[in-house]
Amino acid sequence: MTRCAVLGQPIAHSLSPAMHRAAYAELGLDWRYDAYEVGEDELRGFLSTLGDEVRGLSLTMPLKRVALDLVDTVDPVAELIGAANTMLFEPDGSRSAHNTDVPGLVAAFAERGITGADTAVVLGGGATAASTLAALRGLKVSEVTLVVRDLGKVERLRDLAAELGLKTSVTDFGQVEQIGGFDLCVSTLPGGAVDPWAAHFAQVAPVVFDVAYHPWPTQLAIAAHRIGTELLNGLDLLVHQATLQVEMMTGRSPAPLAAMRAAAREELDEREPG
């Protein structure tokens, strides 16, 4: 039986099994999709145990960077971002690394009819922020403001923004009252981290993308909804990046987006207390 899986640490929260299994059912594939707790130092050893029946792996934190050193080829987006969320096992025995977060973000915006913008503000300075910068460049954004919690840890993002040709300014959350007037706002911070400034960032752009999805809604989402700001959430990103993974792993296109989204929502509903 052909197998795929998601790896990470922690992994119990992952919605990937629900989404990928729903896709297999919809596509009529008798495939397995499992979840394994694998740390950064354990990935090389884990890969050595896999048999020929494994077709692909979804990778979450903290494996997205280390995976690049354990494959034969890296796609241009993953190389640019310095992170891969997908590993494919090719018929010739080689491994390839890919990043579907970036095109997943672009597809999530496109689903709402947003295919271009000029300016954006991005909250956070981690790996998701890096993917967001590349996605925004794909949307033809030319100017980005980064709002981070630690100004001492943004050198990698500055370099990436320069490589992407983005005009970029960086500030911290102590200066938020001076920030506004963007086409898009993307929060890449975990749920709750933006709460003290939720009311402000809900109105700095007509479209807010909050990559959090559980618990939901966040204070940012509540504030955006209250004033009529268009809102996207992390589930939109998760589903779109997963559909791209399914297409790459199975060779079948298009992946069943609706079924995968329904499975993810059902899984989240089952996790809600009470």
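What the table shows:
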read-out: The lone exception for residue 254 - which of (1) open to solvent by less than 60 Å² (accessible area, probe 1.4 Å); (2) under 20 Å from the mean Cα position of the chain (by Cα) it fails; value: (1)
read-out: Matching option when the condition is of a type in the set (Gly, Ala, Ser), open to solvent by less than 50 Å² (accessible area, probe 1.4 Å) and under 18 Å from the mean Cα position of the chain (by Cα), among 264, 224; value: 264
read-out: Matching residues in the stretch 70-87 - criterion: being touching a Lys or Arg at 6+ places or on another chain (Cβ under 9 Å) and either under 19 Å from residue 56 (Cβ atoms) or of a type in the set (A, V, I, L, M) (or both); value: 70, 71, 72, 73, 78, 81, 83, 84, 85, 87
read-out: Residue, least open to solvent (accessible area, probe 1.4 Å), within the stretch 48-92, restricted to residues that are touching a Gly at 6+ places or on another chain (Cβ under 7 Å) and of a type in the set (S, T, N, Q); value: 86
read-out: Members of the stretch 199-221 found to be open to solvent by 10 Å² or more (accessible area, probe 1.4 Å), of a type in the set (A, V, I, L, M, F, W, C) and either in a helix (DSSP H, G or I) or touching a His at 6+ places or on another chain (Cβ under 8 Å) (or both), listed by number; value: 199
read-out: Members of the stretch 96-107 that are crowded, with 22+ Cβ neighbours inside 10 Å, under 14 Å from the mean Cα position of the chain (by Cα) and outside any loop (DSSP other than H, G, I, E, B); value: 98, 101, 102, 104, 105
read-out: Members of the stretch 130-173 that are in a helix (DSSP H, G or I), out of contact with any helix residue (DSSP H, G or I) (no Cβ under 6 Å at 6 or more places or on another chain) and among the small types (Gly, Ala, Ser); value: 152, 162
read-out: The stretch 1-21 residues that are touching a residue at least 24 places away in the same chain (Cβ under 8 Å), paired with ones that are among the polar types (S, T, N, Q) and surrounded by 15 or more Cβ atoms within 10 Å (Cβ to Cβ) (beta carbon under 6 Å, 6 or more apart); value: 6/14; 6/16; 6/58; 8/60; 16/58
read-out: Hits in the stretch 1-21 - residues which are open to solvent by less than 20 Å² (accessible area, probe 1.4 Å) and in a strand (DSSP E or B); value: 4, 5, 6, 7, 8
read-out: Some residue of the stretch 46-57 being at negative phi, charged (D, E, K, R) and part of a strand (DSSP E or B); value: yes
read-out: Considering residues of the stretch 166-190 that are among the small types (Gly, Ala, Ser) and open to solvent by 50 Å² or more (accessible area, probe 1.4 Å) only, the residue modelled with the lowest pLDDT; value: 174
read-out: Odd one out for residue 236 among (1) assigned to a helix (DSSP H, G or I); (2) within 18 Å of the chain's Cα centre (by Cα); (3) surrounded by fewer than 19 Cβ atoms within 10 Å (Cβ to Cβ); (4) not aliphatic (A, V, I, L, M); value: (3)
read-out: Criterion: without any contact (Cβ under 8 Å) to a residue 60 or more places away in the chain, open to solvent by 10 Å² or more (accessible area, probe 1.4 Å) and under 20 Å from residue 183 (Cβ atoms) - qualifying residue of 129, 110; value: 110
read-out: Search result, residues across the stretch 113-124 that are touching a residue at least 60 places away in the same chain (Cβ under 8 Å), open to solvent by 10 Å² or more (accessible area, probe 1.4 Å) and not β-branched (Val, Ile, Thr); value: 117, 118
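Quick grid of which residues meet (1) in contact (Cβ under 8 Å) with a residue 40 or more places away in the chain; (2) over 22 Å from residue 252 (Cβ atoms); (3) open to solvent by 20 Å² or more (accessible area, probe 1.4 Å):
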| residue | (1), (2), (3) |
| --- | --- |
| 23 | yes, no, no |
| 33 | no, no, no |
| 42 | no, yes, yes |
| 45 | no, yes, yes |
| 94 | no, no, yes |
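The values are calculated or read from the model by the stated rules, or taken from the named source; none is laboratory data. All values reported here derive from a predicted model rather than from experimental measurement. Virtual Cβ from ideal backbone geometry, glycine too; neighbours counted across all protein chains shown. Please note that ligands, DNA and RNA were not included when accessible areas were found on the heavy atoms of the full protein model with its side chains. Shrake-Rupley method; radii C 1.70, N 1.55, O 1.52, S 1.80 Å.
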